[in-house]
Every structure is written in C-alpha cells, then in structure tokens.
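Working notes, beginning with the structure itself.
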Amino acid sequence: MSEVKISAEPRTEFGKGGARRTRRAGKVPAVLYGHGEKPKHIALPAREFAAAIRKGGANQLFAIEVSDGTQVLALPKAIQRDPIRDSFEHVDLLLVRRGEKVTVEVPVQLTGEAARDTLIVHDHDTLSVTADATKVPDHLEASIEGLEAGSQVTAADVELPAGVELVADAEQTVASVTAAPTAEQLEATLPEVETPATEAEEAAETAEGAEAPAAEGEQSTEAKTEA
C-alpha cells in the first residue's frame, strides 16, 4: 500500500469543546504516539483524510507533515466515527518506521461462489496479521469456490502476501457454508396474518345489520293490522 502525504497542524485546544471547534473548522482531531515519544496532538484536513481512508482502508499509511516542521510515518490505530453524520470524530495514529513490523487487523474478502442452494456466513471479516509497516495489505482473500454445505474456511485457508504472517489462531473460522432453507421452511417461519376484510365486505355487513331491525318492524306492523 502506497503512503499518502497529508498536512497537519499542531492542536492547542483540548477537551470536547476544543474538538468541536476543530471539526467545525473542517479538520479531524488526532493524536500521534509511539516509539516512546510524548503524544502529539494534531488536526488533519477532514476531506483529504476521508478520501485516503475510502481508497486505502483503515490501514492506510500516512506521511504526515506538521506545520511545525515534524515529518513522520503513521498508521491509524483507532478511528472514531459519527454514525449519523458519517464523519470522523477522532483518530489515534501510531508512529512507525520503514522496515518495522506492525500487527494490524486486515479485512478478509471472500472470492468465488459456493455450491448451489447454500448460504455463506462471514464469521470474521478481519484477521490479525504482522507485516512491514509500509507494506500492509488493504485486504486478504479466501476462496469459497464450489464449497458444499457444511464446509468452513479457516484463517489457515486465507491467502497471505509475501512478508505477511498470521497472528490469529489458524483454526479461527472465517466463513461457514450452510444449506439454504427451502421455500417450505421459509413459509413455516412466517407468522400467520389475518386477511383484513375488504371495503365491499364491510359495507355488506353494515347493510345487513341495518336491514334486520326494519324487517322486525314490518312484521310487527302486519301483526297489528291483522288484529
């Protein structure tokens, strides 16, 4: 994964109020830490940061140039998002060096198609691996091609690029293949719903109810006349 150059500014305001003002200015509050150095609070341009994450994923490597002259390489360690606004609230960035090994969570993509009449359950969509900080893959791949119901894909089945080593348990289930339910099984799980009466039926019931008293009245009148 190629690194993305991004500018930053030192951040002097902290706390919730300072963070809100930073975001209103179109920037993302962030902190740089690692290698035993004192944490450095910075602000990143929101648009550039969001574009880089969309393209490179959560493990995008950044070459950060701070306006005070600091130049570092860093990987996102924790990203806080606003689910409603779909914006970035805060970012923790881990300082790294070229050639340094880091442990990261990398997304796993399933490739191919399983056998007919099956369903795929993606049990774990990331795997923990170690890789060169400048060569972290944006994703890993695991094939489900032709797998029958009852099959499983484990971490050991995931293809790892050169230089990438598995940290997760090799027996960890990544995906499971199950039999697709039949139409009868699906129908059996559906709740029974009473069919509502149509307007015509309701009108007919109302009319019948209204006619009944009139009929009784007519019979009573006839009886009096005969008497």
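The values are calculated or read from the model by the stated rules, or taken from the named source; none is laboratory data. Source: prediction; values computed, not measured. Positions of Cβ are backbone-derived with ideal geometry, glycine not excepted, and every protein chain shown enters the neighbour counts. When the accessible area is computed, the model is the full protein with side chains, heavy atoms only, and any ligands, DNA or RNA have been set aside. Shrake-Rupley method; radii C 1.70, N 1.55, O 1.52, S 1.80 Å.
Per-residue answers, yes or no, for (1) acidic (Asp, Glu); (2) at pLDDT below 95:
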site: Arg54; (1), (2): no, yes
site: Leu61; (1), (2): no, no
site: Ile64; (1), (2): no, no
site: Ser67; (1), (2): no, yes
site: Ala74; (1), (2): no, no
site: Asp82; (1), (2): yes, yes
site: Asp86; (1), (2): yes, yes
site: Asp92; (1), (2): yes, no
site: Gly99; (1), (2): no, yes
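Put simply, of Leu119, Leu127, Leu93, Leu147 the only residue that is in a loop (DSSP other than H, G, I, E, B) and either within 18 Å of Asn59 (Cβ to Cβ) or open to solvent by 40 Å² or more (accessible area, probe 1.4 Å) (or both) is Leu147.
Selection of region 132-147 for residues being touching a Gly at 6+ places or on another chain (Cβ under 8 Å), more than 18 Å from Val4 (Cα to Cα) and of a type in the set (Gly, Ala, Ser) yields Ser143, Gly146. For region 88-130, the tally of residues that are within 14 Å of the chain's Cα centre (by Cα) and over 28 Å from Pro161 (Cα atoms) stands at 0.
Only a single item in (1) in a loop (DSSP other than H, G, I, E, B); (2) open to solvent by 70 Å² or more (accessible area, probe 1.4 Å) is not met by Ala58, and it is number (2). Cβ separations smaller than 6 Å between residues 6+ apart or across chains give the following pairs from region 78-92 residues that are among the polar types (S, T, N, Q) to residues that are modelled with pLDDT of 90 or more: Gln80/Glu89; Gln80/His90. Once region 61-71 is narrowed to residues that are assigned to a strand (DSSP E or B) and of a type outside the set (D, E, K, R), the residue that is surrounded by the fewest Cβ atoms within 10 Å (Cβ to Cβ) is Gln71. Quick check on my filter: what residues within region 1-17 are under 17 Å from Glu89 (Cβ atoms) and either in contact with a Ser or Thr (Cβ under 8 Å, 6 or more places away or on another chain) or open to solvent by 70 Å² or more (accessible area, probe 1.4 Å) (or both)? Within region 1-17, Ala8, Arg11, Glu13, Phe14, Lys16 meet the criteria. Of everything listed in (1) assigned to a strand (DSSP E or B); (2) of a type in the set (Gly, Ala, Ser); (3) out of contact with any Phe, Trp or Tyr (no Cβ under 6 Å at 6 or more places or on another chain), the single unmet condition for Ala74 is (3). Taken together, the criteria place Ala142 among residues that are more than 19 Å from Leu75 (Cβ to Cβ), touching a helix residue (DSSP H, G or I) at 6+ places or on another chain (Cβ under 7 Å) and open to solvent by less than 50 Å² (accessible area, probe 1.4 Å). Within region 151-191, restricting attention to residues that are under 22 Å from Ala131 (Cβ atoms), surrounded by fewer than 12 Cβ atoms within 10 Å (Cβ to Cβ) and of a type in the set (A, V, I, L, M, F, W, C), which residue is nearest to the chain's Cα centre (by Cα)? That would be Ala170. Set side by side, the residues Ala30, Ala46, Ala78 differ, and just one is within 23 Å of the chain's Cα centre (by Cα) and surrounded by fewer than 16 Cβ atoms within 10 Å (Cβ to Cβ), which is Ala78.
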